[in-house]
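*Asks:* Let me give you the structure first, and then I'll get to my questions.
The values are calculated or read from the model by the stated rules, or taken from the named source; none is laboratory data. Since the structure is predicted, the reported quantities are computational estimates derived from the model, not experimental observations. Please note: Cβ atoms are built from the backbone with ideal geometry, for glycine as well, and neighbour counts cover all protein chains shown.
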Amino acid sequence: MHTVKETVRAIVTKLTFEKYPPQMIVEMKYNCVFWLYSFSHWDRVHETLIPMTIMTGQRIRSDKSFIFEFGAYIQIHEKHNNSMQPKTSGAIALKPSGNKQSKHYFLCIHTVNRVL
């Protein structure tokens, strides 16, 4: 519990936001737990597997999972037609989804919803 709190505090000190939407605070906690279970502890349960692989069967791919840092500003693609409307919108990077495609979750700035 204290490790997650300290990790969230460390992330907050790096971010430049003045206010945080409630969804972003929740996702910040999910991000911390995701990364804590992604690496082995010195007092490990298994010789070669990380806790996430033991619990969920998912593996971390360093070439796909370390693309965006939490809180980075990203332009994401929106569904559109051939009009002059914007085709991208601003979003905040949250965390990798953990699936085999190694997609990421983002927080859309306009709707304040999590998108994949």
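*Asks:* Restricting the first residue to the stretch 12-26 and requiring it to be in contact (Cβ under 8 Å) with a residue 40 or more places away in the chain and under 14 Å from ILE109 (Cα atoms), which pairs with a second residue that is surrounded by 14 or more Cβ atoms within 10 Å (Cβ to Cβ) and among the basic types (Lys, Arg) meet a Cβ separation below 9 Å and a spacing of at least six or different chains?
*Replies:* Close Cβ pairs (under 9 Å, with a partner that is surrounded by 14 or more Cβ atoms within 10 Å (Cβ to Cβ) and among the basic types (Lys, Arg)) amount to GLN23/ARG114.
*Asks:* Filter the stretch 13-25 down to the residues that are surrounded by fewer than 13 Cβ atoms within 10 Å (Cβ to Cβ), assigned to a helix (DSSP H, G or I) and either in contact with a strand residue (DSSP E or B) (Cβ under 9 Å, 6 or more places away or on another chain) or not polar (S, T, N, Q) (or both) and list them by number.
*Replies:* LYS14, PRO22, ILE25
*Asks:* Suppose we filter ILE50, ILE109, ILE60 for residues that are in contact with a Ser or Thr (Cβ under 8 Å, 6 or more places away or on another chain), modelled with pLDDT of 75 or more, aliphatic (A, V, I, L, M) and surrounded by 11 or more Cβ atoms within 10 Å (Cβ to Cβ); which single one remains? If you could, list the steps in order and put the result at the bottom.
*Replies:* Values: ILE50 fails: modelled with pLDDT of 75 or more; ILE60 fails: modelled with pLDDT of 75 or more.
The conditions single out ILE109.
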